[in-house]
1. For segment B:2-135, which whole percent of the accessible surface, found with a 1.4 angstrom probe, sits on carbon and sulfur atoms?
2. Where nothing but the Cβ of Lys and Arg (+1) and of Asp and Glu (-1) is charged, how large is the charge dipole of the protein assembly as shown around its Cα centre, in debye to the nearest 20?
3. Is there a quick way to get the dipole size of segment A:15-156? I mean about its Cα centre, with the Cβ of Lys and Arg at +1 and of Asp and Glu at -1; what is the value in debye to the nearest 20?
4. What distance in nm separates the simple spin-label points at A:I153 and B:K27, each placed 7 Å from Cα in the Cβ direction?
5. Quick check: pseudo-label points 7 Å beyond the Cα along Cα→Cβ at A:K77 and B:I20, how many nm apart are they?
6. Find the relative contact order for segment A:22-125 and round it to a whole percent, using C-alpha pairs within less than 8 Å whose residues are 6+ positions apart.
7. Rank A:L60, B:V38, B:V69 by how far each Cα sits towards the positive end of the charge dipole of the protein assembly as shown (+1 on Lys, Arg Cβ; -1 on Asp, Glu Cβ) and give me just the farthest.
8. Which FRET efficiency value, to the nearest 0.05, do you get for A:H86 and A:R40 by plugging their Cβ-Cβ distance into 1/(1 + (r/R0)^6) with R0 = 35 Å?
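The values are calculated or read from the model by the stated rules, or taken from the named source; none is laboratory data. Quantities reported herein were computed from a predicted structural model and do not represent experimental measurements. With ideal geometry, Cβ positions are generated from the backbone for all residues, glycine too; neighbour counts draw on all protein chains shown. Side chains are part of the model used for accessible areas, which takes the heavy atoms of the whole protein and leaves out ligands, DNA and RNA. Shrake-Rupley method; radii C 1.70, N 1.55, O 1.52, S 1.80 Å.
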Amino acid sequence: MADDFIFDFLHMEIVNFVQRTTSPDDKDKVISKLEQMGYRVGQSLIEKFTRESPRFSSELDIIKFVCKDLWNGVYKKQVDNLRTNHQGVYVLQDNKFRLLTQMSSGKQYMEAAPQYLAFPCGLIRGGLANLGVNCVVTAEVSTMPACKFQVMIQRT
Amino acid sequence: MAVCVAVIAKENYPLYIRTIPTENELKFHYTVHTCLDVIEEKVSSVGKSSNDLRELYLGLLYPTEDYKVYGYVTNTKVKFVIVVESSNTQMRDNEIRNMFKTLHNAYVDMLCNPFYTPGENVKSKAFDNTVNQMMIQD
């Protein structure tokens, strides 16, 4: 019962802590710090989650794994909608994003949302990077607690 | 059991190589190095043919006169290589598979250590011990 919420509370405290320890006029730094934390966690997490799974055959396969297994492992639900333009852009839509559900269901606290989405963005980026997919992940919120993550694959 | 165990990063540089102490350790380094091409070939063929192997265990990569080289690649493209002596005939495929599984678990545990930076050489003692157990029993 309680262990469902432990990660949520820990994440709130992490955001809080990073905010407190960074100078208030440096908002970008808070975001990037949280993103880096997420990146490292994502790297380890994906290593654990893919231990038993068969080898991926394509990029889409990998993204699907993130939508299903990674999401299930971290947020206890799957991504509600996955869209792609088949040219390296994927949009993962979650209609009830776990880390936002406690905050608001509307437009209130909108300006605080980016801080709470930096860690999840890093998580996705770290996971994908470890699987060999280099990408940029951005998040977008129109009405909480719905949230869209855009994954842009970087091809070299 | 094994005479050489190696872990190779996804960018193909060695993270960890352990051999039994002999005068020609370098030979094992060379063997591990050459098997990377075979691994590359096997992994890149996934998804092209219908009867592809989607398992992480790649099986016997190639036999040499004295040794057999087995490979395993994780989903994150980290390669494990185990070299055993050809004379050791009672080693079954299943045993090798289990060895790789143990090695993989040890690697994952090691990666989850906050004091390890991904991409660094492996210096973990716990990992060392796991490998030790694979090497000694002879």
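1. On the way: 3460 of 7010 Å².
Using a 1.4 Å probe with all protein chains present, segment B:2-135 comes out at 49 percent carbon and sulfur.
2. Numbers: 33 positive and 34 negative charges, 150 e Å.
Computed about the Cα centre, the dipole is about 720 debye.
3. Working: 19 positive and 13 negative charges, 52 e Å.
Approximately 260 debye in magnitude.
4. Result: 4.4 nm between the two label points.
5. Calculated label separation equals 5.7 nm.
6. On the way: 85 pairs, mean separation 45.5, N = 104.
Answer for segment A:22-125 is 44 percent.
7. A:L60
8. Numbers: r = 31 Å, r/R0 = 0.87.
That pair, A:H86 with A:R40, gives E of 0.70.
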